[in-house]
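Asks: This is the structure I want to talk about, given as structure tokens.
The values are calculated or read from the model by the stated rules, or taken from the named source; none is laboratory data. Given the structure is predicted, the values throughout are model-derived calculations rather than measurements. Positions of Cβ are backbone-derived with ideal geometry, glycine not excepted, and every protein chain shown enters the neighbour counts.
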Amino acid sequence: MSYLSIRDLDLKGKRVFIRVDFNVPLQKNPQGMMEITSDKRIQASLPTIQYALNHGAGVILASHLGRPKGKPNADMSLQPVAARLQQLLQRPVKMAPDCVGSSVDAMKPAPGEVLLLENLRFHAEEEKNDPAFAQKLAALCDLYVNDAFGSAHRAHASTEGMIKYVPRAAAGLLMEQELKYLGMATTNPPRPCVAILGGAKVSDKIEVIQNLGKVVDRLVIGGAMAYTFLRAQGLPTGKSLVEEDKIELARELLASLGDKLLLPVDHVVVSEIAAGATYEVVRRIPDDKIAVDIGPATIAEFSRVVAGAKTVIWNGPMGVFEKPPFDKGTVALAIAVADSGAVSVVGGGDSEKAIKAAGVTARISHVSTGGGASLEFLAGVELPGVAALNR
Ligand code: AMP
């Protein structure tokens, strides 16, 4: 991959358009105002914004928020983000009434100033990657920076289209960090390299299994995904989640991955999925039971493999971790990943929550900010937003 970094740009006196991911969770307070429930995504872009300001740029920030379907929607305005950003940056943030048009042209920021554009998806042209719209966005700036890794798997006007019309385009610091870790893990990882995949469905992660299978030394599969593989091996899975139409594919993957693939050897089973439900640990899943977590022997085996790794890639929970105590396997694995001292690259909201719950976030090398984008990256797909920067 060859792309410029914001660190390669001469920012002084320039107007830089930074595509950020401010798609924050919002909820209405009793007064009917939208409030941000987590500012994690705003915090994640602060280093890039600060860098641009410290190097003498005027900063234009642009993001989508929610799915307003191409029309203005007051509940999906970026106004609350402007207020929060202003506190975090400790300098004024001007809020534009729109993202293109004469009202925005009149607000172009001077060096040291910050202008936040209104939700890009208030215009249907954003998701359609409309060239005229992309040109209008490009006309606002001298330089373009993409820091929105979480949107890089979409070829939209602000992530892909407008790059054709700007003199120079570069990756922001967050984008660079994502590409560095995900790139290293999937192309040239310190070995042994172990990938752990979990979650609900094999069908969501077929390409990831196929692509990582070529790169990693061991592929560990837990979560509901594992039961489709166990069925393909002819083992009983009771009432556990199995994708009947993926059993044949699982059989082919078992054959091609051979000893690389590691599956659970024991299981926590219940009669119904509910927090605190009565459970037992079994080696063979009874016909009337549902497997909801990996068992202690599996935790020990998976942890042993992880302990010997120099690189660990992890995406997806080992069980129904939202319903304690069936979070045990996932949390134990989070601790194993942190304890391994390996370069660790974690993606997916559930794995991130498990890492937080286990209190080991600080010992993980990189927690990806892009769920869908990181999965596509692990699947070996060239992300349009990144490909455009490479051009
Ligand atoms: P994903 O979005 O594919 O990463 O899947 C995450 C979901 O998988 C979580 O909501 C988990 O509750 C669910 N999950 C993990 N293991 C199991 C299991 N053994 N049975 C049912 N659901 C599971």
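Asks: Kindly indicate whether any position in the range 272-288 is within 25 Å of residue 261 (Cβ to Cβ) and of a type in the set (Gly, Ala, Ser). Outline the logic, then answer.
Replies: Within the range 272-288, the subset within 25 Å of residue 261 (Cβ to Cβ) is 281-286.
With of a type in the set (Gly, Ala, Ser) added as a condition, the list becomes none.
So far as the range 272-288 goes, no, none of its residues is within 25 Å of residue 261 (Cβ to Cβ) and of a type in the set (Gly, Ala, Ser).
Asks: Test residue 231 against the stated conditions and say whether it is over 24 Å from residue 348 (Cα atoms) and not in a loop (DSSP other than H, G, I, E, B). Explain how you work it out, then say what you get.
Replies: Numbers: over 24 Å from residue 348 (Cα atoms): yes; not in a loop (DSSP other than H, G, I, E, B): yes.
Here the answer is yes, as residue 231 does meet what is asked.
Asks: Name every residue in the range 198-227 that is under 10 Å from residue 243 (Cβ atoms) and small (Gly, Ala, Ser), in order of residue number.
Replies: Of everything in the range 198-227, those that are under 10 Å from residue 243 (Cβ atoms) and small (Gly, Ala, Ser) turn out to be 200, 203, 224.
Asks: Could you please tell me which pairs satisfy a Cβ distance under 9 Å, a separation of 6+ or placement on different chains, a first residue in the range 319-345 that is under 28 Å from residue 183 (Cβ atoms), and a second residue that is within 14 Å of the ligand (Cβ to nearest atom) and basic (Lys, Arg)?
Replies: If the second residue must be within 14 Å of the ligand (Cβ to nearest atom) and basic (Lys, Arg), the pairs left are 330/353.
Asks: Let me ask you something else. Could you please find all residues in the range 252-290 being small (Gly, Ala, Ser) and under 17 Å from residue 331 (Cα atoms)?
Replies: 275, 276
Asks: Could I ask something else about it? From 13, 32, which residue is of a type outside the set (D, E, K, R), at pLDDT below 95 and either out of contact with any Leu (no Cβ under 9 Å at 6 or more places or on another chain) or more than 24 Å from residue 163 (Cβ to Cβ) (or both)?
Replies: 32
Asks: Same structure again: Is there any pair linking a residue in the range 234-245 that is over 17 Å from residue 282 (Cα atoms) and modelled with pLDDT of 95 or more to one that is polar (S, T, N, Q) and buried (at least 19 other Cβ atoms within 10 Å of the Cβ), with Cβ under 8 Å and at least six apart or on different chains, and which?
Replies: Taking only residues 6 or more apart or on different chains, the pairs are 242/228; 243/228.
Asks: Also, quick follow-up: Restricting attention to the range 36-49, report how many residues are among the charged types (D, E, K, R), surrounded by 15 or more Cβ atoms within 10 Å (Cβ to Cβ) and not in a loop (DSSP other than H, G, I, E, B). First the steps, then the outcome.
Replies: Of the residues in the range 36-49, the ones among the charged types (D, E, K, R) are 39-41.
Next, from what is left, pick out any that are surrounded by 15 or more Cβ atoms within 10 Å (Cβ to Cβ): 39, 41.
So of that shortlist, the ones also not in a loop (DSSP other than H, G, I, E, B) come out as 41.
The number of residues fulfilling the criteria is 1.
Asks: Can you name every residue in the range 142-159 that is surrounded by 24 or more Cβ atoms within 10 Å (Cβ to Cβ) and not small (Gly, Ala, Ser)?
Replies: Passing the criteria: 144, 145, 146, 147, 149, 156, 159.
Asks: Okay, next question. Among the residues of the range 73-126, write down those that are loosely packed, with under 15 Cβ neighbours inside 10 Å, polar (S, T, N, Q) and in a loop (DSSP other than H, G, I, E, B).
Replies: Of everything in the range 73-126, just one residue is loosely packed, with under 15 Cβ neighbours inside 10 Å, polar (S, T, N, Q) and in a loop (DSSP other than H, G, I, E, B), namely 90.
Asks: If you don't mind, another one. I want to confirm something. Restricting to the range 231-245 and keeping residues that are within 15 Å of the ligand (Cβ to nearest atom) and of a type outside the set (D, E, K, R), which single residue is farthest from residue 272 (Cα to Cα)?
Replies: Filtering first and then ranking leaves 235.
Asks: If you don't mind, there's one more thing I want to ask. For residue 185, state whether it is within 24 Å of residue 266 (Cβ to Cβ) and of a type in the set (A, V, I, L, M, F, W, C).
Replies: Answer is no for this residue.
Asks: If I go through the range 197-218 residue by residue, how many of them are away from the ligand (no atom under 12 Å from the Cβ) and either within 13 Å of residue 348 (Cβ to Cβ) or buried (at least 23 other Cβ atoms within 10 Å of the Cβ) (or both)?
Replies: Counting residues in the range 197-218 that are away from the ligand (no atom under 12 Å from the Cβ) and either within 13 Å of residue 348 (Cβ to Cβ) or buried (at least 23 other Cβ atoms within 10 Å of the Cβ) (or both) gives 3.
Residue by residue, here is whether (1) within 12 Å of the ligand (Cβ to nearest atom); (2) out of contact with any Lys or Arg (no Cβ under 7 Å at 6 or more places or on another chain); (3) closer than 25 Å to residue 314 by Cα holds:
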residue: 223; (1), (2), (3): yes, yes, yes
residue: 229; (1), (2), (3): no, yes, yes
residue: 247; (1), (2), (3): no, no, yes
residue: 266; (1), (2), (3): no, no, yes
residue: 269; (1), (2), (3): yes, no, yes
residue: 273; (1), (2), (3): yes, no, yes
residue: 278; (1), (2), (3): no, yes, no
residue: 291; (1), (2), (3): yes, yes, yes
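Asks: For the range 245-264, enumerate the residues that are within 15 Å of residue 296 (Cα to Cα) and loosely packed, with under 14 Cβ neighbours inside 10 Å.
Replies: Listed by number, the list is empty, since nothing qualifies.
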